[in-house]
Amino acid sequence: MKRVDNNDYLLTQNTVLVNEKNTKTEEIDNLIYQKPNNKLPLLGIPLRVHIYNLARPNIDSILQAKIYDNPDKLARKIRLLSKKQLVKDLESRKNFNNWLKKTGEPPVILDETKADKTTTQLNRYFFSKGWFDVETSHDIDKREDQRASVTYNVTTGKPYILDSISTKIASPIVDSLYRNNLKKGSLLKVKEQYNEVNFENERERLTTGLRNSGLYHFGQDYISFDIDTLGAAKKVNTEIIIKNRAIREQDTTLRIPFKVYKIKEVNIFTDYSYENRNQTLEKTLEYNNFNLYSYDKLKYRPKAITDAIFITKGDVFKDIDRTRTYRYLSELQAFKYPNIEYIENINDTTLTANIYLSPKKKYELGFSFDVSQSNIQTIGFSFRTGLLIRNIFRGAETLEVSALGAIGASKDASNNKDQFFDINEVGANARLTIPRLFFPINTEKIIPKYMSPSTRISLSASGQRNIGLDKQSFSGVINYRWKPSRTVTNDTDLFNVQFVKNLNTANYFGVYQNSYNRLNDIARDINYINNDASLTIPDQTNAFISDVLNNNTSLNPGEDDYVNVNNIAQRKQRLTENNLIFASNFNYVKDRKDNLFDKDFSIFRARIESAGNLLSNFSKLLNLDKNADGNYEVFGVPYSQYIKTELDYIKHWDLGRNNILAIRTYFGIAIPYGNSQSIPFSKSFFGGGPNDNRAWAAYNLGPGSTQSSDEFNEANMKITASIEQRFNLLGRFNGAVFVDAGNIWNVLDNVEDEKATFNDFSSLKDIAIGSGFGLRYDFSFFVLRADVGFKTYDPSYELGDRWFKNYNFSNAVYNIGINYPF
């Protein structure tokens, strides 16, 4: 066997039998010191071992013997390549050989000492879980083909149960705090199985509780547990021991009772820097029991700073107050590195808190320049600039003002004539961030400041020419955000107003070519135009639609072509109408991800949005007139009225050894009512794309079982679910296999096509299923992703003929994306 010496064995398998049952959990797997080589999921091939085996273990000796120690061969190569080129060639061979070694993985040779360590580790693990009589051993099966497997045997016996919990607390104040506040909520419970982790967590819980109750000098080392086991009864008696405070003086250690410390003074240095650290300064002012100091003129309103400070004069010391202060000050984004120190006053049990703030620069200017190409333009140039102003109103507010200008060269679909720099876009945006809830009434009791409340007010405007239908957009948002806990974030748009005006609706069929081609085909079929002719845009297209719907052609209502023309007309009306959306929404996010490197977590998102209700009430109150379609208008535009809900759940499981299983489920629905018969295009749902069902291109899936050829298929209800297994291939290269399922439908709106609508649970038969595989390269700060999706179950075909149609590479969809899809 390659790279395995005669007396060695290749480790191929580990098995852990717990009470004679095969156990495969990540926790148990992490206890094993030596594991077999990684294999590709499903295929079971140790790819990295094969790559490693391609490398020569003694490349230097080989090159020395074959070339340098062979004068004739060395002379020939120098004549052929020159000495310098030969050196480079040999160096490249060494580098490639080293790359094979680094990228590959050496065969795992059985090490019996590591098997012994694993046996001991398993014993310790089960002992820590309360199986004090556990017995562990291992068996090694060595085969003639120099392969070996190890079986670890664990016999747990009966677990030990907590029978009694008592305390021995030296300091009276600690004993009082424990009995009155901390005893309730203990993680150690009578009649539960002994678990060492619960003892560690209980020590941490008590330490946190006591340090948040004024015990400035308290630490975990003061807590210990005296555990007495009753072997025959399998019971554990536990005594919680909390010692007095230790004070070391020279060679002796004194024990004195703990005392509660209070905050005597809170000093805030508002413009501290290393350069002015030695300068003397006097108190600038006192505000709400905070002492504010400034080397220069105070640049902030006192309330803006003191609102971010949770350490309060006269309160008992709480460690959490310092943590919250750090977090709030960091979220202001106004200071570089806040620093908080406590100074103990030797004459009493009080602390002075000094808070040092180093302001960031008031102004920050940014620029960016991009060159792009797309199916709309042959080449485009864009320029962005932004100005950030900190502390603009002396309340730690941040104002961001940005502008965009872009030009591009396109080909106009209506006249097929090249235009040079006929595309242009301009836009501007202003956003004000206020580090508190900007609201007419005091919200402190409902949303206290430890939840880091903030307000964002933004206004934006943009205009486009020769991009789609051309449009002008205006929007305004008042948003509130707060964090009730470490994992939960809430935000709400009190008002979210969007106005979109289409400027070039006559070019609709120049943009939506598929609809235009279908219209031409129907017109030719009924001899409305000659077979070699096309309807002109917009005059003949509009006239043809009008003639069909007014029964001035040979088409009759109910015929397929008549229905198609009617659908095209409805879609054109919807996509060319101006939109006014006056909405409010609420978002809830629970993110259990600890950090960027956490691989085992879940995220739940919920969103509800309502639009048009306020305008509807005003319209009825003022008794406004309705337009010809029976809708109220504001500034000549019918406003949208709907309710929209979205639910999104993501879960990742770390399977160990760089293997991750990830799932995602999503449901969304938007129901129009009142002043609307359909929802705006910008609020609709679509299927397909690199972050959705990857076997279909974006906007190509659905609705339902329709065979729509529209450029943008969308609907007002969506269901999706995905499962993906991710694994390491080579170094930074990772692979994945996935299955995506889902579709979009129309429901409770003006679409009547049975194939496109969701009627009842029987419509779930039209859920599309895609499967495939992907390759990813991890750049650490982002992941470059390539996925190949195959249509596994295609609802656009008739029932009974939907599985594995066009399941091949020529009909696959190739997706490129940044970072993971979920």
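A compact table of results
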quantity	calculated
Test: residue in region 500-523 that is on the phi > 0 side of the Ramachandran plot, over 39 Å from the mean Cα position of the chain (by Cα) and surrounded by fewer than 17 Cβ atoms within 10 Å (Cβ to Cβ)	no
Subset of region 665-689 [surrounded by fewer than 22 Cβ atoms within 10 Å (Cβ to Cβ) and within 14 Å of G742 (Cα to Cα)]	T665, Y666, F667, G668, I669, F686, G689
Residue among A611, A628, A606 that alone is farther than 25 Å from K718 by Cβ and either modelled with pLDDT under 90 or not basic (K, R) (or both)	A628
Count - residues of region 247-256 that are surrounded by 11 or more Cβ atoms within 10 Å (Cβ to Cβ) and either among the β-branched types (V, I, T) or modelled with pLDDT of 95 or more (or both)	2
Strands (runs of 3 or more DSSP E) within region 707-822 that include 1 or more residues more than 30 Å from N658 (Cβ to Cβ), touching a strand residue (DSSP E or B) at 6+ places or on another chain (Cβ under 8 Å) and of a type in the set (A, V, I, L, M)	717-730, 733-745, 768-778
Scope region 763-809; condition under 27 Å from F733 (Cα atoms) and among the basic types (K, R); matching residues	R776, R785, K791
Lone qualifier among I320, I340 - being touching a residue at least 24 places away in the same chain (Cβ under 8 Å), more than 23 Å from Y363 (Cα to Cα) and either more than 41 Å from the chain's Cα centre (by Cα) or assigned to a strand (DSSP E or B) (or both)	I340
Residue tally, condition surrounded by 20 or more Cβ atoms within 10 Å (Cβ to Cβ) and either closer than 19 Å to I650 by Cβ or of a type in the set (D, E) (or both), over region 790-819	2
Exclusive hit being of a type in the set (G, A, S) and touching a helix residue (DSSP H, G or I) at 6+ places or on another chain (Cβ under 6 Å), set S515, S454	S515
Residue that is surrounded by the fewest Cβ atoms within 10 Å (Cβ to Cβ) [pool: residues in region 691-711 that are of a type in the set (A, V, I, L, M, F, W, C) and within 15 Å of T792 (Cα to Cα)]	A697
Residue in region 398-408 that is modelled with pLDDT under 80, under 30 Å from F509 (Cα atoms) and either assigned to a loop (DSSP other than H, G, I, E, B) or within 29 Å of the chain's Cα centre (by Cα) (or both) present	no
Qualifying positions in region 134-157 - over 29 Å from D8 (Cα atoms) and either without any contact (Cβ under 8 Å) to a residue 60 or more places away in the chain or of a type in the set (A, V, I, L, M, F, W, C) (or both)	V134, G157
Residue satisfying all of: in region 113-135; polar (S, T, N, Q), within 30 Å of L730 (Cβ to Cβ) and within 40 Å of the chain's Cα centre (by Cα); surrounded by the most Cβ atoms within 10 Å (Cβ to Cβ) among these	T118
Among (1) aliphatic (A, V, I, L, M); (2) free of Cβ contacts under 8 Å to residues at least 24 places away in the same chain; (3) out of contact with any helix residue (DSSP H, G or I) (no Cβ under 9 Å at 6 or more places or on another chain); (4) not in a strand (DSSP E or B) - the single one L254 does not satisfy	(4)
Any hit, region 569-582, residues being more than 30 Å from S546 (Cα to Cα) and touching a Phe, Trp or Tyr at 6+ places or on another chain (Cβ under 9 Å)	yes
Qualifying residue in region 259-267 (condition: of a type in the set (A, V, I, L, M, F, W, C) and either under 30 Å from N201 (Cβ atoms) or in the same structural domain as G130 (by TED's automatic domain parsing) (or both))	yes
Qualifying residue in region 123-145 (condition: in a strand (DSSP E or B), over 30 Å from T208 (Cα atoms) and of a type in the set (K, R))	yes
Residue that is surrounded by the most Cβ atoms within 10 Å (Cβ to Cβ), among those in region 258-293 that are modelled with pLDDT of 90 or more and outside any strand (DSSP E or B)	F258
Enumeration of residues in region 765-794 that are touching a residue at least 24 places away in the same chain (Cβ under 8 Å) and over 14 Å from D740 (Cα atoms)	K765, L775, R776, Y777, D778, F779, F782, V783, L784, R785, A786
Residue count, region 323-337 (criterion: in contact with a Ser or Thr (Cβ under 6 Å, 6 or more places away or on another chain) and assigned to a loop (DSSP other than H, G, I, E, B))	1
Tally, over region 424-470, of residues that are of a type in the set (S, T, Y) and under 17 Å from S402 (Cβ atoms)	4
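The values are calculated or read from the model by the stated rules, or taken from the named source; none is laboratory data. Note that the structure is a prediction, hence the values are computed from the model and not measured. Note: ideal-geometry Cβ built from the backbone for every residue, glycine included; neighbour counts use all protein chains shown.
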